[in-house]
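Report on one structure; see the data block that follows.
The values are calculated or read from the model by the stated rules, or taken from the named source; none is laboratory data. Because the structure is a prediction, the values reported are computed rather than measured. For neighbour counting, all protein chains shown are included, and Cβ atoms are generated from backbone atoms with ideal geometry for every residue, glycine included.
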Amino acid sequence: MEDHHANNNNRDSEGKRRKKRKRAAAHDTTIGSGTGTIPTEESATLPITKDNSLSSSSSHPSIPLETTGSWSANQYSYEVDYNDHFETPSDAYVDILPLLDALQKQRSEHVIYDPYYCNGQTKRLLQRLGFERVQHEQRDFYEDIDQNTVPLYHTLVTNPPYSDQHKERCLKYCVSNNNNKGKPFFLLMPCYVATKQYFRRTLNDMFHDMLYVVPKTSYQYSHPDGTGHATSPFDSMWFVGGLTPDQSKRLQQMFLSNGSTCRVYNSYQQLIDAKVITVDNRPNPKQRKKRKRQKNLLLELQQQEQQQQQQKTDKGSDATKAATAKTTSNSKYRDPTTGKRIKKRF
């Protein structure tokens with residue numbers, strides 16, 4: 001999913017880690033139209049817009065995803081999961097433009113950070129929407145956290161990997177960074193994440209200040225390799241946090257006045273009332289497999305019953321045709337081809 005990867009769960013050997021740190025230190029990245037070493041939260045500060053006035057956002061058409069070619073895990077210096085590499089569609093970014101514009105008036109000056117890299121599609125899409133300063137490189141996010149080399153940014157916008165504990169680890173970082181530096185975050189994740197215990201536990205006091213942006217239609221994700229399901233197996237939404245209660249209220253007002261087709265909720269209960277999430281316990285893997293087998297068995301029985309019924313219908317039709325043919329062929333009063341009477345019997 002875009003743009004994201006499964007980072008190192010099993011840490012590399014010390015030798016490999018030293019090599020990667022050297023590469024990271026020597027790596028130059030593009031910020032806007034210039035190039036240079038990535039500034040980190042230890043080495044520099046970014047100008048933050050202090051004007052809290054809300055600016056209106058112009059509408060943007062959906063941008064088609066580019067064909068990116070084949071995908072290979074060998075192109076990454078860290079461990080990745082094929083199933084995590086599904087790219088975020090452009091309409092997902094368009095949906096949150098009013099909120100991003102409310103946080104920073106000038107898109108060209110708004111530094112957005114997406115730590116999970118797939119093939120750079122996120123950066124290209126955001127730049128087309130006017131965000132020139134996008135921090136999105138092929139780096140190990142978790143190692144950057146360990147080494148305190150996370151690039152400077154204003155807002156974190158990402159679609160974290162859904163496998164293992166990446167969602168929880170990303171959420172922990174966002175909450176910690178907001179508590180320390182007041183950085184807002186936008187996380188595109190499955191709706192069911194809101195029902196997880198780790199979600200409430202990690203957010204703690206921030207739980208009641210979250211915003212949830214739910215699209216009118218489900219987002220559809222694509223893999224760089226051109227594979228995967230035609231439709232997403234789950235619904236997803238934007239989890240927006242790191243806002244003060246006043247900011248949250250004003251952002252909602254701006255979002256609604258912008259005429260967006262998305263729905264915005266500011267509480268867990270609202271998500272339940274709107275049936276975005278359900279509080280019913282999700283079946284465990286064993287139960288889900290059993291239900292799937294039962295569903296497949298029922299479908300197979302229905303198909304067999306339909307086939308048997310069709311065979312009976314075909315058999316009856318063939319018998320009728322045969323009887324009709326026999327009657328017409330033996331009668332001297334009917335045409336053997338059409339079965340029409342050709343002369344009277346008396």
Task: Qualifying positions in the range 155-214 - crowded, with 18+ Cβ neighbours inside 10 Å and assigned to a loop (DSSP other than H, G, I, E, B) - done: Asn159, Pro160, Pro161, Tyr162, Lys183, Pro184, Met210
Task: Filter pass, Pro161 being of a type outside the set (D, E, K, R), out of contact with any Cys (no Cβ under 8 Å at 6 or more places or on another chain) and closer than 22 Å to Ser248 by Cβ - done: no
Task: Hits in the range 242-300 - residues which are in contact with a helix residue (DSSP H, G or I) (Cβ under 7 Å, 6 or more places away or on another chain), part of a helix (DSSP H, G or I) and exposed (fewer than 12 other Cβ atoms within 10 Å of the Cβ) - done: Pro245
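Every residue, every condition in (1) touching a residue at least 12 places away in the same chain (Cβ under 8 Å); (2) in the same structural domain as Met206 (by TED's automatic domain parsing), yes or no:
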| site | (1), (2) |
| --- | --- |
| Gly242 | yes, yes |
| Leu256 | no, yes |
| Val264 | yes, yes |
| Thr278 | yes, no |
